[in-house]
Structures are given as structure tokens and as C-alpha cells.
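Please treat every number below as a calculation from the coordinates, not as lab data. From a predicted model like this one, the values you see are computed outputs, not experimental measurements. Note that each Cβ is placed from the backbone with ideal geometry, even for glycine, and that neighbours are counted across all protein chains shown.
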Amino acid sequence: MAATVRPRRSVLYMPGANTRALEKARTLAADALIFDLEDAVAPDAKEAARANVVAAAGSGAYGKREIVIRANGFNTDWGREDIIAIAGSGADAVLVPKLESAADVTAVVELLDEAGAPPDMAIWGMMETPRGILRAEEIASASPRLACFVMGTNDLVKDLRACHTPQRLPMVVALGTAILAARACGLAILDGVYNDIQDVEGFRAACVQGLEMGFDGKTLIHPSQIAPCNEVFAPSAADLKMAEKIVSAFEQARAAGKGVVTVDGRMIENLHVEQAQRQIALARAISELTAA
């Protein structure tokens, strides 16, 4: 799949069994929505929720937002039927829980192909088990359909017998390993959820930490988390001003046949230009998304 700059600053989970929530999501400013058939849905509501999210995904009511449906795991009673239904739903991607090997990805690819999924329907993968983290590179390179890793930090903390801490030190190795694998294989990657929706300062700090680590955005559990997340993961006005100066100075130097470029006393190399160009492209994509 062609790599594009697509805003994924805020990616909100929506319970698939709650039709009112799915309708409300049409007005929310999240960059992407995950219609959830897994954790947010009780066993006796799984099939009804599947019908809800397939209808919602195909409605065209969500503008340019990415629509992703999280299936139940392959080893459950609902996983295969979820993926078959998602294949024809019109969603942009299927989010698969607990990926632990390249074979897991291959199995989903084969089922999507058999069910007639369009070639551009992506797979997003939950990275939420120790085995999955240890095989992150194998998983990330398993298929061109795989486009994004999503960190499942609650499950990881549980399996590691670790603790949720403000700086997330128990998670640093797992988060870093997943980021390395994602970037090595050209994938996007989203940070895990923040559980305390009342802790505004703590949530913002977690967003800043995620940005600094290299995540594209963060998965969310409540609409109140959207605005601060969008702000943190978007290029600031100062960032864009500097990016534009870097690109302009580089283009002028190249036109003049100069090999050395400086901006505000800083030596500028190709890598800085690429970073600047990406920030400008991201800002443009955000503007197009929010204008829709």
C-alpha cells in the first residue's frame, strides 16, 4: 500500500452494540473511529453489534474519517464471521486483536481475500501480548495489507504483571520495540489508551510522551480526550513556521547550486527537510479532514 500522510492523532473506540454512540460519532472531531466488537460488547450482543457496525461503516455518514472495525479474536466464536462481514462493510480497515505471529496476519489476509475485501482494505494489528512484542518485526513485515500497529497497553501491563505509572517506565521496552518494528516496515503506530478520563493533566502528559516517542497518535476511550490529543499530535504554528523556513531555504540553496544550508544558525540536512515536508503535509491533511 502506498504510504500517505494521513492524520491519526485521535482514534476513538466506539462500542458496536451502542447505536446511539455510533450515531453520535458522526459529529466528533476524532481523526479516526474504531467500531469495537471485542472488549466493549457482551457475548450475547456480539451478532447484533456486528450488524450495527457494518451498517454504520457503509453509511457514508462519517465524512473523511478513517473507519476501522475491531473484530473479535480468531480463536473466539465470532472472529471469523466478524472478518467476513467487515470485508464487505466499506470500512477502511479491520483491527485484529492480539497478533502474535506472521501466521496470524496471513490467516486474516486469506480470509479477507476469500470474502472479497477490496485491495485497499487494510489490517490494523493490536500489539498487546509479550509474544507479540517479541515478534514485532516478523508481524510488521507479514503482509502489504498490514498498515498500522495499535498498542494494547492494558493487556500488556496485565500480562507483564507490571503497573500503570505516570512515566510508563514498565512499558518503555515494549513500546519502543513496537515503534522500531513499525517504522522499519513502514507502518503507522498508535499509542494505547489512557484509563482515567478525569485526569486531564495526566492524559495530556501521556500524549506528549507518546508524541516524543514517535507515535502517530493515540487511541481514546472518551470523546473528552479528543481535543487535547488533536492539539498535541498536530504540528504547532511554530513548528509549521520553522518547517516552511527549512523547505524554502533548502529549495533556494539548491536552485543556487549551494551544498550547505543554514536556518537560524542551524545546519540543515536532507533528513531535516524530509521531517519538515512531512509536518507541512500533515498540517495540510488535517486541514482537509477538519474541513470535511
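For the pair the range 65-89 / the range 142-212, the C-alpha centres are spaced 23 Å from each other. A Förster radius of 51 Å combined with the Cβ-Cβ distance from Thr262 to Ile221 puts the calculated FRET efficiency at roughly 0.70. Modelled spin labels at Arg26 and Lys64, positioned 7 Å past Cα toward Cβ, are 2.0 nm from each other. Once you've got the Cα coordinates, tell me which of Lys46/Lys158; Lys158/Lys218; Lys46/Lys98; Lys218/Lys241; Lys98/Lys218; Lys64/Lys218 are over 22 Å apart. The answer is Lys46/Lys158; Lys218/Lys241. Averaging the sequence gap over all C-alpha pairs within less than 8 Å and six or more residues apart, then dividing by the number of residues, gives the range 186-292 a relative contact order of 22 percent. Remark on the chain: hydrodynamic radius 19.9 angstrom, per the Kirkwood mean of 1/r across alpha carbon pairs. Charges were assigned to the Cβ only: +1 to each Lys and Arg, -1 to each Asp and Glu. The resulting dipole of the chain about its Cα centre is roughly 760 debye.
Among beta bridges from DSSP that stay inside the chain, the antiparallel ones total about 10%. Our summary gives the range 57-189 a relative contact order of 21 percent, counting only alpha carbon pairs under 8 angstrom and 6 or more residues apart.
Compared with the dominant principal axis of the Cα atoms in the chain, helix 270-291 is inclined by about 50°. To the nearest ten degrees, helix 237-255 and the longest principal axis of the Cα atoms of the chain are 60 degrees apart.
Lys and Arg at +1, Asp and Glu at -1: add these up for the other residues within a Cβ distance under 15 Å of Ala102 and post the number.
Numbers: positive: Lys98, Arg131, Arg135, Arg145; negative: Glu100, Asp104, Glu110, Glu137, Glu138.
Value of the local net charge: -1.
Length gained on full extension, Gln275 to Ala55, computed as 0.36 nm times the residue gap minus the Cα-Cα distance: 75.3 nm. About its Cα centre, the dipole of the range 237-291 is roughly 120 debye, where the only charges are +1 on Lys and Arg Cβ and -1 on Asp and Glu Cβ. Remark: spin-label model distance Gln198-Ala255 equals 5.8 nm, labels positioned 7 Å along the Cα→Cβ axis.
Rounded to the nearest 500, the helix-only mean residue ellipticity at 222 nm of the chain stands at -14000 deg cm²/dmol, with each DSSP H run of n ≥ 4 adding -39,500 (n - 2.57). Taking the chain as the reference, fit the longest principal axis to its C-alpha atoms, fit the long axis of helix 200-213 to the helix C-alpha atoms, and give the angle between the two in degrees, 0 to 90, nearest 10. Taking Cα atoms only, the helix is inclined about 70 degrees. Residues in the range 260-265 carry Karplus couplings, in order, of 10, 10, 10, 10, 6, x Hz; the curve used is 6.51 cos²θ - 1.76 cosθ + 1.60 with θ = phi - 60°, and Gly or Pro positions show x. The residues packed around Gly214, meaning those with a beta-carbon under 10 Å from its beta-carbon, carry a net charge of -2 if Lys and Arg are +1 and Asp and Glu are -1.
Shown for the range 210-292 is the translational diffusion coefficient from the Stokes-Einstein equation, using the Kirkwood radius over Cα pairs, a temperature of 37 °C and a viscosity of 0.692 mPa s: 227 µm²/s.
For Lys245, the lysines whose Cα falls under 28 Å of its own Cα, not counting residues fewer than eight places away in the same chain, are Lys258.
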